[in-house]
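Taking it in order: structure first as structure tokens, then the write-up.
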Amino acid sequence: KSVISTTAIGITDKDKFVTSSGAKPGDAVIVTKAIGLEGSAILASDFEDFLASKLPKEVIDAAKNFIEQISVVEEGITASKVGVSAMHDITEGGLLGACYEVAEASGVGIEIQEELIPILPETKEICRVFDIDPLGLISSGSMLICTSVPDKVIAELKNVGIIATMIGKIIPEGKFMISSDKRNPIIPFERDELYKAIEKAKGFAEN
């Protein structure tokens, strides 16, 4: 396979430029679509034979089609028109990596609720088979948005056919995930969970 590296440069008005570093305490944290879309699509496509004996064909096929959802251009344009303080596409390192990066870049804290995080059934099943955590899986196609007007942002995204879910808030300091009433620190994965899954699949193939 070939890997192509590119750089895109554009021009915009200064007041319309949104980065990952503008989040403010009190902002809501929103996630678009569902996490793990790209990771699920890669694993379903590249290791279809490995998954075939473990998951129904319709689950694998659905996950392969997630690749059609990995653009975040429309949600970025739509949300920025409504009013956002920070946006970050959730790529390598998954959701927890993105949360950590936004908080670090903005000099604030973040708190998310695990039970509110949108994860599709196909992603859950693939992660179960590979024994990986979807919160650390590459999630291109999902945007992390920080905004003081979450209801308006979610409504406008819905108008263009994009599901958005409020999963937490920006706080003055600290990085936490609330799970089963426990407040645990957010610790980024040392590497994307995709690599762990690939190693596992290759290990089975060699044995």
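Per the conditions (1) modelled with pLDDT of 95 or more; (2) of a type in the set (S, T, N, Q); (3) open to solvent by 70 Å² or more (accessible area, probe 1.4 Å), the sole criterion not satisfied by Ser40 is (3). Only one entry in Val18, Val31 is at pLDDT below 95 and not in a helix (DSSP H, G or I), namely Val18.
I'd like to know if the range 185-204 contains one or more residues that are of a type outside the set (A, V, I, L, M), in a strand (DSSP E or B) and open to solvent by 100 Å² or more (accessible area, probe 1.4 Å). Checked against the condition, which is being of a type outside the set (A, V, I, L, M), in a strand (DSSP E or B) and open to solvent by 100 Å² or more (accessible area, probe 1.4 Å), the range 185-204 yields no hits at all. The residue that is nearest to Val29 (Cα to Cα), counting only those in the range 148-184 that are surrounded by 12 or more Cβ atoms within 10 Å (Cβ to Cβ) and of a type in the set (Gly, Ala, Ser), is Gly168. Summed over the range 125-139, the residues that are of a type in the set (A, V, I, L, M, F, W, C), open to solvent by less than 10 Å² (accessible area, probe 1.4 Å) and farther than 17 Å from Phe50 by Cβ give a count of 1. Kindly provide the set of residues from the range 142-177 that are over 12 Å from Lys81 (Cβ atoms), assigned to a helix (DSSP H, G or I) and among the aliphatic types (A, V, I, L, M), ordered by number. Within the range 142-177, Ile154, Ala155 meet the criteria.
The number of residues in the range 66-112 that are within 25 Å of Glu156 (Cα to Cα) and either open to solvent by 60 Å² or more (accessible area, probe 1.4 Å) or of a type in the set (Asp, Glu) (or both) comes to 11.
I'd like the residue in the range 67-110 that is polar (S, T, N, Q) and over 15 Å from the mean Cα position of the chain (by Cα) and, out of all such residues, is modelled with the lowest pLDDT. In this case the residue turns out to be Ser80.
The test for being over 20 Å from Gly22 (Cα atoms), open to solvent by 50 Å² or more (accessible area, probe 1.4 Å) and either within 10 Å of the chain's Cα centre (by Cα) or in contact (Cβ under 8 Å) with a residue 24 or more places away in the chain (or both) does not hold for Glu122. Restricting the first member to the range 65-78 and to residues that are outside any helix (DSSP H, G or I), and the second to residues that are open to solvent by 60 Å² or more (accessible area, probe 1.4 Å), the beta-carbon pairs closer than 6 Å and six or more apart or on different chains are Val72/Asp89.
The values are calculated or read from the model by the stated rules, or taken from the named source; none is laboratory data. Bear in mind that the values here come from a model prediction, so they are computed numbers and not experimental data. Cβ atoms come from the backbone with ideal geometry, glycine included; neighbour counts cover every protein chain shown. Heads up: the accessible areas ignore ligands, DNA and RNA and are worked out on the full protein's heavy atoms, side chains in. Shrake-Rupley method; radii C 1.70, N 1.55, O 1.52, S 1.80 Å.
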